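Input: a single structure, listed below in structure tokens.
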Amino acid sequence: MSTPTSRIANVDNYDKVAIYRFVIEMLTWVVPALLMLAGIIAGLHMVVAGEEAFGTSDLVPWGLLIAGYVLLAVTCSGLCMVSSLGHVLGLKQLDVLGQRAVLLAITVLVSGFAVLAVELGHPLRMIYVMISPNFTSGIWWMGTIYGIYLVALIIELAAWQLGRYKLGQRMAVVTLALAIAATSNLGSVFALVNARPFWAGAYYPIYVLLTAIMSGIATLVILSWFLQRNKKGYQGDRYRSAIVLLTKALGIFVVLTGVMTFWKITASLYGGIPATQLAALTLVTGSLAVPFWLFEVGAGMVFPLVAIVFSKSRRINYSLAAAVSTLVGVVFMRYDMVIAGQKVSADALSGERAVSLAGYLPSSGEVLVLVGAIGFIISVYRISERFLKLDH
């Protein structure tokens, strides 16, 4: 029999738990909102201040914001490809994530466009690109396809919300095709720049497509982990089942990414082209060695594989650790990809003149804009979740 003293203690403990949960809930609203606000302020400052607010230069014209745009755009594509494959291939474990993945993809792509608008220095330039087509420009095709892709995603989500399931399934096929086209085209923007030999070639369209799926899977694992904590019974079991399937797929794509990275570095080091060799050396032993080895390889490949091995017994906390670590690694994969290709001047193409290295360090404004984009994604997704029926 419980005494009055023990009952009072239980009430006090319950109050402490309730207060703790309330504080955590508020932080999950306030912190993303503050990050978004900081990003907006930094973005407006950079648009007004111009090139002085960027860390870029004539030698390194593409900086953190381009890397951030690539990160967000291809993550959006990865989210769509994974969720659409669930519909197209009939993977029932992924059905529970269908609408949420589409909503998150829309939010991520909008934030990517916002980051790109800041990078361009004037948001209206994005509209000008759309109404002044250049059919020989890979960048124009990238923007156009991603614009069409965003509209298709909105139509797909609307179809699911309105109960038009056949239309939703058809749009899932359309968005899958557009995601593949947009992502591979984005990779071609780098692959067709012959003045930057580290980028040039057929590698990056395939690499970007592969890592897009990997980042999409990792994002959905994180989303599913949080959802299963708030869902009880059958619905919670469905999210846990999705985590198990996605974790296995994540392991496969991490291995494939590691293999492609190994051969890219190896071919660059021993291919006999001075520019690509020096660019690879900046990653292996040079100024980008820490981001490459510690984050791209360590956090993005090695640690996730170790965590996935331990998650075999359905320990989904290990799956969460693997997914978070993978996304951290993907951030640096995009950064290394963009910056390493610009580190070496085009003079190295001939192999006759001395090869020069260009320096780059992101400005605080660039960092805040990217952080603000993450705050925007979390805030908009959480608000949308309150007003949309995403579980039916």
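The values are calculated or read from the model by the stated rules, or taken from the named source; none is laboratory data. In this text, all values refer to a predicted model and were calculated from it rather than measured experimentally. Because the Cβ atoms are built from the backbone with ideal geometry, glycine has one as well, and the counts that use them run over all protein chains shown.
Within the stretch 186-214, residues that are part of a loop (DSSP other than H, G, I, E, B) sit with their Cβ atoms under 7 Å from residues that are among the β-branched types (Val, Ile, Thr), at 6+ positions apart or across chains, in these pairs: Pro197/Ile273; Pro197/Thr276; Phe198/Thr276; Phe198/Val344; Trp199/Val193; Ala200/Val193.
Annotation: Thr211 fulfils all but one of (1) surrounded by 15 or more Cβ atoms within 10 Å (Cβ to Cβ); (2) more than 30 Å from Ala307 (Cβ to Cβ); (3) not aliphatic (A, V, I, L, M); the unmet one is (2).
From the list Val208, Val174, Val189, Val193, which residue is under 20 Å from Val297 (Cβ atoms) and not aromatic (Phe, Trp, Tyr)?
Details: Val174 fails: under 20 Å from Val297 (Cβ atoms); Val189 fails: under 20 Å from Val297 (Cβ atoms); Val193 fails: under 20 Å from Val297 (Cβ atoms).
Testing whether each residue is under 20 Å from Val297 (Cβ atoms) and not aromatic (Phe, Trp, Tyr) leaves just Val208.
Does the stretch 264-275 contain any residue that is within 22 Å of Gln93 (Cα to Cα), in contact (Cβ under 8 Å) with a residue 60 or more places away in the chain and surrounded by fewer than 21 Cβ atoms within 10 Å (Cβ to Cβ)?
Narrowing the stretch 264-275 to residues within 22 Å of Gln93 (Cα to Cα): none.
No, every residue in the stretch 264-275 fails to be within 22 Å of Gln93 (Cα to Cα), in contact (Cβ under 8 Å) with a residue 60 or more places away in the chain and surrounded by fewer than 21 Cβ atoms within 10 Å (Cβ to Cβ).
For Val255, the test of being in the same structural domain as Ala321 (by TED's automatic domain parsing), touching a residue at least 12 places away in the same chain (Cβ under 8 Å), surrounded by fewer than 16 Cβ atoms within 10 Å (Cβ to Cβ) and over 23 Å from the mean Cα position of the chain (by Cα) is failed.
Output yes when any residue across the stretch 152-165 is touching a Ser or Thr at 6+ places or on another chain (Cβ under 7 Å), among the small types (Gly, Ala, Ser) and more than 18 Å from Ile213 (Cα to Cα), and no when none is. Spell out the reasoning first.
First, pick out the residues of the stretch 152-165 that are touching a Ser or Thr at 6+ places or on another chain (Cβ under 7 Å): 152-153, 156.
Next cut, among the small types (Gly, Ala, Ser) only: 152.
Still in the running and more than 18 Å from Ile213 (Cα to Cα): 152.
Yes, the stretch 152-165 has at least one match.
Going through (1) buried (at least 20 other Cβ atoms within 10 Å of the Cβ); (2) closer than 20 Å to Tyr204 by Cβ; (3) of a type in the set (A, V, I, L, M) one by one, Ala42 falls short only on (2). Residues in the stretch 305-320: is at least one assigned to a helix (DSSP H, G or I), out of contact with any Phe, Trp or Tyr (no Cβ under 6 Å at 6 or more places or on another chain), crowded, with 20+ Cβ neighbours inside 10 Å and of a type in the set (Gly, Ala, Ser)? Checking the stretch 305-320: at least one residue is assigned to a helix (DSSP H, G or I), out of contact with any Phe, Trp or Tyr (no Cβ under 6 Å at 6 or more places or on another chain), crowded, with 20+ Cβ neighbours inside 10 Å and of a type in the set (Gly, Ala, Ser). The criterion of being crowded, with 24+ Cβ neighbours inside 10 Å, out of contact with any strand residue (DSSP E or B) (no Cβ under 9 Å at 6 or more places or on another chain) and within 30 Å of Ala275 (Cα to Cα) does not hold for Ala218.
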